[in-house]
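Working notes, structure below.
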Amino acid sequence: MEPSEFLALEVWYKTRDPFKVLIATILTQNTTDKGAKRAYEELEREVGVTPDKLSSAEIDKIKNCIKSIGLYNNKAKIIKTVSTLIMEQYGGDLENLLDLDQIESRQRLVELPGIGKKTADVVMLTCKGYRVFPVDTHILRVSERLGIKGGYDKVSEFWKESLGSDLLEAHLILITHGRKTCKAINPKCNSCSINDCCRYYAGLRRS
């Protein structure tokens, strides 16, 4: 499990800039990390991933930089709008938002256009170590197969309550498990290290 497999984590390790992590996470929505990385690098090279540069950039230029990924039109609008709001409301520094207490910080993040719970939680966990647990499609699939159901909030709360202090590592391990073993199509159930507690696998063995 390498940081390069997770764009938000790689950006954080390289820059320690939560705004860049936020933009990287927006780009990964409904897109592979590999594809989002190419778009992020193009955006950084051609415009610059800072609130002031993105808020003042022409929307078509942002679109052109990220057109290789899905939903690029919508993502370009979100990126420009969020950058503008961070300039206006937080002086161009996302740290001013993240330094609020955890509840208020998360609430303000999800109030930004196009920023859902998962994106907010990724930024908060990666950049500040807040006790939140992001749930992506891989984690949701793994959880449901283990019998943990109820949507984003319930699944997130289950893992948050069940795991120890290093939620970021656990988050990344579960994503990796979903990508490489507990895949949506043709999961590798027989070689899975946790198949003894998997309801999905138990159902396969009974059928």
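So that you can scan it fast, the table gives a plain yes or no per residue for (1) open to solvent by 20 Å² or more (accessible area, probe 1.4 Å); (2) outside any loop (DSSP other than H, G, I, E, B); (3) over 21 Å from I26 (Cα atoms); (4) aliphatic (A, V, I, L, M):
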residue: V135; (1), (2), (3), (4): no, no, no, yes
residue: V142; (1), (2), (3), (4): no, yes, yes, yes
residue: K149; (1), (2), (3), (4): yes, no, yes, no
residue: K160; (1), (2), (3), (4): yes, yes, yes, no
residue: H171; (1), (2), (3), (4): no, yes, no, no
residue: S193; (1), (2), (3), (4): yes, no, yes, no
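How many residues are surrounded by 24 or more Cβ atoms within 10 Å (Cβ to Cβ) and either over 15 Å from the mean Cα position of the chain (by Cα) or over 18 Å from Y72 (Cα atoms) (or both) if we restrict to region 19-38?
Of the residues in that region, 1 qualify.
Is there a residue in region 48-55 that is assigned to a helix (DSSP H, G or I), among the polar types (S, T, N, Q) and open to solvent by 40 Å² or more (accessible area, probe 1.4 Å)? Let's see the steps before the verdict.
First pass over region 48-55, keeping only residues assigned to a helix (DSSP H, G or I): 51-55.
Next, from what is left, pick out any that are among the polar types (S, T, N, Q): 55.
From what is left, the residues that are open to solvent by 40 Å² or more (accessible area, probe 1.4 Å) are none.
No, that holds for no residue.
Here's the yes/no breakdown for (1) out of contact with any Lys or Arg (no Cβ under 9 Å at 6 or more places or on another chain); (2) in contact (Cβ under 8 Å) with a residue 40 or more places away in the chain; (3) not aliphatic (A, V, I, L, M):
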site: Y72; (1), (2), (3): no, no, yes
site: I78; (1), (2), (3): yes, yes, no
site: G91; (1), (2), (3): yes, no, yes
site: I103; (1), (2), (3): yes, no, no
site: E111; (1), (2), (3): yes, no, yes
site: S143; (1), (2), (3): no, no, yes
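Report, by residue number, each residue of region 65-87 that is open to solvent by less than 20 Å² (accessible area, probe 1.4 Å) and not aliphatic (A, V, I, L, M).
C65, K75, S83
Which of the residues that make up region 32-53 are touching a helix residue (DSSP H, G or I) at 6+ places or on another chain (Cβ under 7 Å) and within 21 Å of S4 (Cα to Cα)?
D33, A36, K37, A39, Y40, E42, L43, V49
When region 24-74 is examined, which residues are found to be charged (D, E, K, R), closer than 23 Å to K14 by Cα and at pLDDT 95 or above?
First pass over region 24-74, keeping only residues charged (D, E, K, R): 33-34, 37-38, 41-42, 44-46, 52-53, 58, 60-61, 63, 67.
So of that shortlist, the ones also closer than 23 Å to K14 by Cα come out as 33-34, 37-38, 41-42, 44-46, 52-53.
The answer is K37, R38, E41, E42, E44, R45, E46, D52, K53.
Report yes if some residue within region 181-188 is open to solvent by 70 Å² or more (accessible area, probe 1.4 Å) and part of a helix (DSSP H, G or I); otherwise report no.
Residues of region 181-188 that are open to solvent by 70 Å² or more (accessible area, probe 1.4 Å), as a first pass: 185-186, 188.
If we keep only those that are part of a helix (DSSP H, G or I) too, we end up with none.
No, there is no match, as no residue in region 181-188 is open to solvent by 70 Å² or more (accessible area, probe 1.4 Å) and part of a helix (DSSP H, G or I).
Looking for something touching a residue at least 12 places away in the same chain (Cβ under 8 Å), under 22 Å from A8 (Cβ atoms) and touching a Pro at 6+ places or on another chain (Cβ under 8 Å) - is there at least one such residue anywhere in region 182-192?
No, the conditions are met nowhere in region 182-192.
Taking the stated definitions as given, is Y200 in contact (Cβ under 8 Å) with a residue 24 or more places away in the chain, closer than 30 Å to D101 by Cα, of a type outside the set (D, E, K, R) and open to solvent by 20 Å² or more (accessible area, probe 1.4 Å)? Lay out the reasoning, then the answer.
On the way: in contact (Cβ under 8 Å) with a residue 24 or more places away in the chain: yes; closer than 30 Å to D101 by Cα: no; of a type outside the set (D, E, K, R): yes; open to solvent by 20 Å² or more (accessible area, probe 1.4 Å): yes.
Taking the combined requirement at face value, the residue does not satisfy it.
So N30 fits all but one of (1) in a helix (DSSP H, G or I); (2) under 28 Å from I173 (Cα atoms); what number is the exception?
Result: N30 passes all but (1).
Suppose the filter is closer than 21 Å to E169 by Cβ and either touching a Pro at 6+ places or on another chain (Cβ under 6 Å) or open to solvent by 70 Å² or more (accessible area, probe 1.4 Å) (or both); does R16 pass it?
Values: closer than 21 Å to E169 by Cβ: yes; either touching a Pro at 6+ places or on another chain (Cβ under 6 Å) or open to solvent by 70 Å² or more (accessible area, probe 1.4 Å) (or both): yes.
For R16, the condition - closer than 21 Å to E169 by Cβ and either touching a Pro at 6+ places or on another chain (Cβ under 6 Å) or open to solvent by 70 Å² or more (accessible area, probe 1.4 Å) (or both) - is met.
The values are calculated or read from the model by the stated rules, or taken from the named source; none is laboratory data. Predicted model only: the values in this text are computed from it and were never measured. Here the Cβ is made from the backbone with ideal geometry for all residues, glycine too, and neighbour counts use every protein chain on show. Areas reflect the complete protein model, heavy atoms only, side chains present, ligands, DNA and RNA absent. Shrake-Rupley method; radii C 1.70, N 1.55, O 1.52, S 1.80 Å.
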